Structure formats: structure tokens, C-alpha cells
1. Once a ≥ b ≥ c are taken as the square roots of the eigenvalues of the Cα gyration tensor of region 7-180, is the result rounded (a/c under 1.5), prolate (a/b larger than b/c) or oblate (a/b not larger than b/c)?
2. For ASP73 and TRP61 in the same chain, what is the full-extension length gain: residue separation times 0.36 nm, less their Cα-Cα distance, in nm?
3. Can you put HIS86, HIS165 in order of Cβ neighbours within 10 angstrom, beginning with the fewest?
4. Counting other beta carbons within 10 Å of each Cβ, put GLU50, GLU102 in order, fewest first.
5. Can you sort HIS83, HIS18 so the residue with the fewest Cβ neighbours within 10 Å comes first?
6. Please check which bits of region 2-19 a label hung off LYS180 would reach, taking the label as a point 7 Å along Cα-to-C-beta and the cut-off as backbone N under 20 Å.
7. If we sort 129-135, 173-179, 65-71 on the protection proxy, mean other Cβ atoms within 10 Å, highest first, what's the order?
8. Note down the nm distance, to one decimal, between modelled labels 7 Å out along Cα→Cβ at ASP166 and at HIS18.
Amino acid sequence: MKYFPKISRGKVYLSPIHTDDYELFTKWMNDKRITDWITTWPRIISISSEKEWLENVAKSWEYNLAIIRKDGDKLLWTVWLFHIDHINQSAELWISIGDFDEHSKWYGADAINAMLSFSYDTLNLYNVFLQVKSFNKKAIACYKKVWFQEIWTRHHCQYCNGEWHDLVIMEMLKPDWQEKNI
Ligand SMILES: CC(C)(COP(=O)(O)OP(=O)(O)OC[C@H]1O[C@@H](n2cnc3c(N)ncnc32)[C@H](O)[C@@H]1OP(=O)(O)O)[C@@H](O)C(=O)NCCC(=O)NCCS
């Protein structure tokens, strides 16, 4: 058995990461169609560095979980909760689906909602926020669909493909999420 349904929501479940997936992780970390939307394109990510990184994550208590499509137990990629601050009950969320053919099928929304339910109901967090490049309309549409609110824009702070872009900060508070998820 490769994946373990830790948290389930809609068409996906979140599982501990499996280190055997390092080749797929490396492929997606080097796919410009994906990495333009995130911040890793300038980094050189080899198969051995990705393998080592995955082995460290898999051994740690980090909340970096594999998104698995229930239909066929297919790896879609990861959703990650980091910068966790238990005193102030806040954390940052990061998500990506590696396979382009699997975008816009609600897997992203399901995975975010699964991680949010874990954040509020298990980790007792209050404020989950994320950062997204302003030109990433698909991601912003997905975040709004699960009721994240835009709270701030940092201007001219992301250099990508020879141009400057803005970074949008969005957040979700526990009571707002609970109200929407009754
Ligand atoms: C962002 C991401 C996680 C969203 O997951 P997803 O499964 O594709 O998203 P969903 O299907 O849940 O929702 C996407 C919404 O955007 C809409 N959408 C799709 N393409 C769009 C586009 N080009 N412009 C605007 N909206 C778009 C979809 O119609 C959908 O809304 P709807 O279902 O209400 O119609 C995924 O697309 C991804 O991994 N992208 C590449 C990496 C990335 O951008 N990561 C986020 C970094 S902040």
C-alpha cells in the first residue's frame, strides 16, 4: 500500500508523502508550465536533491501531504501547511497540482478544504493565509471558490519571465470557514 487516506474530501484524500514519488516530484519541479505560477523556477532541482528533500519531509512532522485522486489512487501533488505559529494560531498554505490535465476539476478546491478542516478542527488554528501571484487567475478563482478573502497586495515584488508582478495575500478565518461549511 502506497498512500493512506489521512483526510478525505470530495474527490480527493490527503496522504503522507511517499518517497518513491521523487521522480514525479522532480518532473513537476522542472515543468515551467507549473513553476511559473509558484516561486521555484529559478532553483535548480535535481533528482537527488528532490529525493533527499522528500526523505526529510517524510521523516518529519511537517504537514506536507500528498493529494491523491480517489479514483485510481493517483498522485496529483501536494498541499502544505507551514509557518505554523501555535501561539497566534496561524499558518500559511501552499498547494500545487502537478499534472496539467488534472487542473480545473475541483481537485484543488477539495484538497484545500481537506487541509482547512484539519487546520481548524485538529490543529486548532484560527487564521490560514496564502500568497499568490496576481496573474495566477486560475489559483485566485480556486481560492475564492473556497471562500478565501483577498486582504492585501504587495506590489512589484515578483520578477517572472522578464516582468514584475504583484503578490496577492488571501486569508481564511476559522469562524468564516465553519459558517460556510455547515
Ligand atoms: C491552483 C490550483 C491548485 C487550483 O487547483 P484546480 O484543481 O485546478 O482548481 P479548481 O478546479 O478547484 O478551481 C479552479 C477554478 O478556476 C477556474 N479557472 C480555470 N482556469 C482559469 C483561468 N485560466 N482563469 C480564471 N479561472 C480559471 C475554474 O473554472 C475553476 O472555477 P469553477 O470550477 O468555479 O469554474 C492548480 O490549478 C495548480 O496547481 N496550478 C499550478 C500551480 C499553482 O498555481 N499553484 C498555486 C500557487 S499559489
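Here, each number is a calculation from the coordinates, and none is a lab measurement. Computed from a predicted structure; not experimentally measured. Positions of Cβ are generated from backbone atoms using ideal geometry, with glycine treated the same way; all protein chains shown enter the neighbour counts.
1. The shape class here is rounded.
2. Contour length minus Cα-Cα distance gives 2.0 nm.
3. Fewest-to-most Cβ neighbours within 10 Å comes out as HIS86, HIS165.
4. GLU102, GLU50
5. Final ranking by Cβ density, sparse to dense: HIS83, HIS18.
6. Under cut-off, by backbone N: 8-14.
7. My ranking of the peptides, most packed first, is 65-71, 129-135, 173-179.
8. So the label points at ASP166 and HIS18 sit 4.3 nm apart.
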